[in-house]
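Asker: Below you will find the structure I want to go over with you.
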Amino acid sequence: MYRLLIVIFALTLMSCKSSPDYLNSQQLTSQYKNVGFVTFRMESQLAFFQADMETFYRPRITEALQDLGFQVVDASRLYEVMEALEKDAPGLFNPNTGQKNSELENELFIKAMQQVKQELNLDAFLFAGVDAVRANFSNNLLLGHYARWYGQSEVYLADGVDAGAVLSTLFTQEEGYLPGARLYLRFRDGQNNILSVGSGGIELLARYDDDGEIEPKTSDYLFDDKAQLAEALDFALEDLASHKSRKK
């Protein structure tokens, strides 16, 4: 099942779009110095790795942001406040369908953010985690057999695969993509607006086998290289710093 879900990633990923008008790290530290670190969350299909990845990344992210000049505090109680507000909210669920009122839910979330922001004297909130994005590659052999995404690059052929044997069947178009894991640092203000995002590629979640078919990596071979995990954080911080300056 785990392998199947990784294949589904490759079929359903949205393409990477150009960055919106994000604040860079210098602007963030000057305008939103006090940051509440809310959560580190793995995408649902990668939830198996939640505990280990959070243990690795949370302290490192906190330390890295402090080195940039942020004051970082734990703001995980945001969800406790949200849960309490939901319990007291009439009309959150449709009595006939059981469907959640998304507009009311967003209003409650902003209310929870405002409460926690005041309690902890925050300027912004940080939501971090790992998700799956497109790792793009080209059939231009001058670029090598690499997929590239958010600073990271990795050979897109599984170990032991003969490139000459597979490339003729693999390349039916000029470019393609595989699912790649991305570390993200997402900053939001007290109205739940995105201020900025820093992204760093970690590793491919699947590669091509000898038959040109997508071969998902098994859990034993994912997220086991600490140097690679640390590199993804460096990429995310570089991405955060690279956004063009904009007015507040």
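The values are calculated or read from the model by the stated rules, or taken from the named source; none is laboratory data. Computed from a predicted model, the values in this text were never measured in an experiment. Note that we place each Cβ from the backbone using ideal geometry, even for glycine, and neighbour counts take in every protein chain shown.
Asker: So which residues in segment 110-141 are under 18 Å from Tyr32 (Cβ atoms) and acidic (Asp, Glu)?
Answerer: Hits for segment 110-141 are Glu119, Asp123.
Asker: Given the condition touching a Leu at 6+ places or on another chain (Cβ under 8 Å) and of a type in the set (Val, Ile, Thr), answer yes or no: does some residue in segment 86-103 qualify? Steps first, answer last, please.
Answerer: Taking segment 86-103 as the starting set, the residues that turn out to be touching a Leu at 6+ places or on another chain (Cβ under 8 Å) are 86, 89, 91-92, 100-101.
With of a type in the set (Val, Ile, Thr) added as a condition, the list becomes none.
No, every residue in segment 86-103 fails to be touching a Leu at 6+ places or on another chain (Cβ under 8 Å) and of a type in the set (Val, Ile, Thr).
Asker: Considering only residues that are exposed (fewer than 15 other Cβ atoms within 10 Å of the Cβ) and either closer than 20 Å to Arg186 by Cα or of a type in the set (Phe, Trp, Tyr) (or both), which ones fall in segment 199-229?
Answerer: Tyr221
Asker: Moving to a separate point now. Out of all the residues in segment 57-101, which are in a strand (DSSP E or B) and either of a type in the set (A, V, I, L, M) or modelled with pLDDT under 95 (or both)? Spell out how you get there, then give the answer.
Answerer: We begin by selecting, within segment 57-101, every residue in a strand (DSSP E or B); these are 71-74, 93, 100.
Listed by number, the residues that qualify are Val72, Val73, Phe93, Lys100.
Asker: Still on this structure: Just need a number here: residues in segment 143-157 that are in contact (Cβ under 8 Å) with a residue 60 or more places away in the chain and either more than 19 Å from Asp234 (Cα to Cα) or not in a strand (DSSP E or B) (or both).
Answerer: Filtering segment 143-157 for residues in contact (Cβ under 8 Å) with a residue 60 or more places away in the chain gives 149-152.
With either more than 19 Å from Asp234 (Cα to Cα) or not in a strand (DSSP E or B) (or both) added as a condition, the list becomes 150-151.
Number satisfying all stated conditions: 2.
Asker: State whether one or more residues within segment 164-179 are small (Gly, Ala, Ser), at pLDDT 95 or above and surrounded by fewer than 18 Cβ atoms within 10 Å (Cβ to Cβ). Write out each step before concluding.
Answerer: Start the filter on segment 164-179 by keeping residues that are small (Gly, Ala, Ser), which leaves 164-165, 168, 176.
Among the residues that remain, those that are also at pLDDT 95 or above are: none.
Within segment 164-179 (the criterion being small (Gly, Ala, Ser), at pLDDT 95 or above and surrounded by fewer than 18 Cβ atoms within 10 Å (Cβ to Cβ)), the answer is no, since none of the residues qualifies.
Asker: If you scan segment 219-242, which residues turn out to be of a type in the set (Asp, Glu) and more than 17 Å from Gly180 (Cα to Cα)? Full working, then the answer.
Answerer: Kept after step one, since they are of a type in the set (Asp, Glu), are these residues of segment 219-242: 220, 224-225, 231, 234, 238-239.
Glu238, the sole residue that qualifies.
Asker: Also: Those residues that are buried (at least 17 other Cβ atoms within 10 Å of the Cβ) and either part of a helix (DSSP H, G or I) or β-branched (Val, Ile, Thr) (or both), I need them from segment 30-48; list them, please.
Answerer: Once the filter is applied, which keeps residues that are buried (at least 17 other Cβ atoms within 10 Å of the Cβ) and either part of a helix (DSSP H, G or I) or β-branched (Val, Ile, Thr) (or both), segment 30-48 yields Val35, Val38, Gln45, Leu46.
Asker: Next question, about the same structure. If you take the residues of segment 230-245 that are within 29 Å of Gln114 (Cβ to Cβ) and in contact with a Leu (Cβ under 7 Å, 6 or more places away or on another chain), which of them is surrounded by the most Cβ atoms within 10 Å (Cβ to Cβ)?
Answerer: Going through the qualifying residues, I end up with Ala236.
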